[in-house]
Structures are given as C-alpha cells and as structure tokens.
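Inspection log for the structure reproduced underneath, given as structure tokens.
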Amino acid sequence: MTELIPAPRSVVAGSGEVRLTAHSRLYAGDGTEGVGHWLRTVLRQATGLPLCEGREPDDTDGDGIGLRLDPALGPEEYRLVSDRRGVLVEGGGAAGVLWGAQTLRQLLGPDAYRRAPVDRDRVWTVPHVAIEDAPRFRWRGLMLDVARHFMPKEGVLRYLDLMAAHKLNVLHFHLTDDQGWRIEIERYPRLTEVGAWRARTKKGHRASPLWDDRPHGGYYTRDDIREIVAYAAERHIDVVPEIDVPGHSQAAIAAYPELGNTDVVDTSSLAVWDTWGISPNVLAPTDGTLRFYEGVLEEVLELFPADTGPFSSYVHLGGDECPRDQWRASATARQRVADLGLKDEDALQSWFIGHFADWLAARGRRPIGWDEILEGGLAPGAAVSSWRGYAGGIAAARAGHDVVMCPEQQVYLDHRQDGGPDEPVPIGYVRTLGDVYRFEPVPPELTPEEAGRVLGTQANVWTEVMEDQGRVDYQVFPRLAAFSEVAWSSLPAPAERDVTGFERRMTAHYRRLDALGVAYRPPTGPLPWQKRPGVLGRPIDGAPPNR
C-alpha cells in the first residue's frame, strides 16, 4: 500500500483483506455508471472474474466492489475503504470515483494491468485499508506532439489510458507544425492531402548528416478525433487541441501557398519541412489568412466540444517561435503594420494572436498559448503555457492570467535522462527521474493570490527524435510517474522530497508498466535495442536550447 503512485493524502492500513471471487459483484451508483463500466471491463480482462452487476454496496456479502458519489467530497476527491463489508470507492464527482478506482487497481497488484489472466487459479485480494485523497492541481497534463512524428490513433488511445492510470487529466494535443498537419479539415482538404506528408525526415538533431528517406506522415480523420475526445472523456481527460499560428506553419503553407508571404518567398515551391528547428516560413498577416484559420477553428470547435470537462473549453493557439524576417521584408506585412498603427513587426505578432484569442472568446472558448503571447499584452481570459522557464508564468499570474507551468528546464521529456554516451539521440539538459520528482510548479515569489492563478502543470513531449511508440515510451517513462506525483500529491519543498523513497516505490510501479507493455528507460540504462548509436543529438550544459 505504501507503493502507490501518485502518493495518496492519507492511508490507514487494516489487518485483513477482501477476496474477489466468481461471486463478487460490482455496484455502480447513480452518476458512476461510466466508471463502473470501465472498471468492470479492465478487471474482467485481467482477472477473468465476471464481476456481475451488484446491489447497493452496503448490501454485499463482503466480497464486492461499490462505487458511489458523495457530494461532501470535492469533484476529484475520493475515499476508498476496504473492510469486512467489501470495497467502497466514493468520490465527489465521477472523476473522483475514477481516480479511486485507479488506486484500487494498484492495490490489486501489477497483473491487474494485463488484458488477459496469466494465472486463472490466482486469488485476487484487496488489503483492508482506508484511503482519502485529492489532487493538488486541477490541470495535470501531458503535451503530446504528433506533428513531428505522427502517432496513430491506437497509440493516442493507449496514452490516454496511461495518463488515466497516473491520474493526469489534460491531453494537450499538438496537431500542427512545420513538419506535418494532423487533423482533417473538411473545407481545406489539401491540409491533409499535402500537409500531412513529408518526403523524408532528418535523423537525429538538425545538425546530423543522416536522413531517413522514407516518406512519413498520417492524420486523424474527423471521426478519429471524435473517438479520441470521447475516449478521453470516459477517462475524465480533457483534450486541448493546438493549432499553431503564426509560426510553425510551413506544412499549412505547403498545402495552401497563399497563406505564406508570397511577395517575399515563392511559396508554391515549398514542401512540408523535413528537418527540425524553427522554419522561417510563417503565415502572412492578411485577411485571407485570417479567414482561412477562422474556417479551420470553426471545425476544430465542432470536433472538440466545450462541455466534456473543466478544461474542454480551451483551445491552444501556439504563438511561439515566430521569426519576423519575412514580415520585415514583405511590403504586404509592412502595410498591415502601418494600417493598424502598430509599432513594428513584433507588435504584428501580438495583433495576430489577439485576433484569434478574441475570435475564440466571442464563441465562449478559452484561448491559451505559449508564453510568447504575453509580449505586447494579452486579452483578459486568455491563459499562458509557461515554457521558457518560470518567468512567463510569473508575469502572466501577476497580470491576472491563468497559467500552466511547463518549463523546459524541468519537464520537457524529450530531454535526456542521463549524461552517459548510450542515451539514444541525447537532447538538451540531463533531467533524471529524481530531477523531475523535485520539480515545483509554483514559484515561491508568487503571492498566495498570484499562486492561485497556477491552474497546474504539464509535461511536454516533443517528438523530433521519437520516431515510434517505443521511443516515446522511453523518453516519457518512468519520468511521467514522478511528474504525476508532483502534479497530484501535496509534496514537501523540493529539497525535502524523498527521492530515495519514491525510487523504492517505483520498483513496484515498474512491474505495472511491464504489464502495460510500456518500453520505459530501465533505471540501469537503455537496453541494447533502445540505443541509437551514431545518431547525432544535441546535448548541452549551459544555455537553454531552442526546441
């Protein structure tokens, strides 16, 4: 019980156990039916027990499972009691009941994560225990970049399950970038016909001389997106789509050349970008571009409804790393600066983001963007993803904006996990499991009122050098387990955190990850097939890297 991850607020152990048998039943009270369906499904797969529909939990024979709402608890708060009457999980909302059910799954042991029984004679037991628990942060997220390397739909659904198992509740879905456009937009079919595919891919860091000459691509159909959103909602995860503007847009310009700065560049010759870094090809600040992306966002709002969860109204606009060189050289862009009475092209970036932030707000949606969107001012109601360290988040909170803390120096999971030579395509800072565990999302210099603006935190997974699911797993795990505890549990100050104790608890958690088929980085270092010998990375020791 002390091996639970993330660590619960309170655990009181008893002296007996509940035995689940072929006669055990699962009761799901009003408002918990969806959680009951999920729990019955996963436990039937793993245990082979039928877990038929049960009666009221107080009416069991001591070997059943009950799920129930308790309005005295917070929406994500839960209470799990296992005693002589059986197992009862109560939550303030269905989300709280789900998080309690996830804890119950951990109590059953690693084999509870398998999709078929490995021992049909096994006796399944839940120790007698009383657990009370609630999350520290409301926003506990994972940013998944599917633009650089496409992750097929089944892989996304798998990551939603992995997120739910770690009590994470926001998938920030990075759907567009220079290297690929991954969402079907009906009125603009070339975004996926052209923009979803690149002819080849840089292998390793952009300074590498190596190439993978196979075409790479893929996209999610409208029904794929609906399925992903519905699957996430069943697990009480909100999906926040990101449509990046005005930079990181070469794939869109390759599909529709008129979106680019045509008086500076022959955009008709542009292809989807095949290397990494920051492309100079950015959107033109024209009325045509604005109307085009309003059309894109109309379909995005349809596919990502605002009523599935507490953060489902958010739409991420990107807004980061937009070079101004083409705008400075463009007569069209310079005229737009003059017509708007702006100071310069930097202000043009703020105007561009502000237009779409206002457009979203007028439709009842919450705009959010990377911390560059603060430059030049930000409309009330817009939120900020603070990635360039803490400074953007501090400034945003002090200006009255909500903040998601995701500083690259701490929680960019594409950064290497060890300084040794065997790390596959080593990128950025060395950030070990212990480093992530010591991450503190709320800067101490914020006042209590300003700290209340920190919605929470997320880990970011940029996939330039993650060509398949195994590479994503290797970079994400086990560090996501440490991150989940930072996001969920009320931990002491970073210097006082028990990293050794957490690593000991990870011994049990590795067995859960094994059962789930996660290709995590072993604590002893990469396995032979996890290495990428000879592929150049970007290890650094000092200044922060550009992603």
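Summary table below
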quantity: First in the range 234-258 and on the phi > 0 side of the Ramachandran plot, second anywhere and of a type in the set (Val, Ile, Thr), Cβ under 8 Å, 6 or more apart; calculated: His248/Thr176; His248/Ile278
quantity: Residue match in the range 7-21 (condition: more than 30 Å from Tyr437 (Cα to Cα) and crowded, with 21+ Cβ neighbours inside 10 Å); calculated: yes
quantity: Tally, over the range 240-276, of residues that are polar (S, T, N, Q), farther than 22 Å from Thr463 by Cα and part of a loop (DSSP other than H, G, I, E, B); calculated: 2
quantity: Failed item, numbered, when Glu3 is tested on (1) under 27 Å from Phe137 (Cα atoms); (2) at pLDDT 95 or above; calculated: (2)
quantity: Restricting the range 94-108 to residues that are touching a residue at least 60 places away in the same chain (Cβ under 8 Å) and among the small types (Gly, Ala, Ser), the residue that is nearest to Ala46 (Cα to Cα); calculated: Ala101
quantity: All strands (runs of 3 or more DSSP E) inside the range 93-179 with 1 or more residues being surrounded by fewer than 21 Cβ atoms within 10 Å (Cβ to Cβ), among the small types (Gly, Ala, Ser) and on the phi > 0 side of the Ramachandran plot; calculated: none
quantity: Members of the range 374-428 found to be out of contact with any Pro (no Cβ under 8 Å at 6 or more places or on another chain) and touching a residue at least 60 places away in the same chain (Cβ under 8 Å), listed by number; calculated: Ser385, Val404, Cys406, Val411, Tyr412, Leu413, Asp414, Gln417, Asp418, Gly420, Val425
quantity: Failed criterion for Pro539 (all others in (1) over 26 Å from Pro426 (Cβ atoms); (2) in contact with a Pro (Cβ under 6 Å, 6 or more places away or on another chain) hold); calculated: (1)
quantity: Test result for Asp63, in a loop (DSSP other than H, G, I, E, B), under 17 Å from Gly96 (Cβ atoms) and either among the hydroxyl-bearing types (Ser, Thr, Tyr) or assigned by TED's automatic domain parsing to the domain that holds Arg105 (or both); calculated: no
quantity: First in the range 58-78 and more than 23 Å from Ile237 (Cα to Cα), second anywhere and in a loop (DSSP other than H, G, I, E, B) and modelled with pLDDT of 95 or more, Cβ under 6 Å, 6 or more apart; calculated: Gly62/Arg84; Gly62/Arg85; Asp63/Thr21; Asp63/Ser24; Gly64/Ser24
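The values are calculated or read from the model by the stated rules, or taken from the named source; none is laboratory data. Keep in mind that this is a model prediction, so the values were computed, not measured. Cβ: placed from backbone, ideal geometry, glycine included. Neighbour counts: every protein chain shown.
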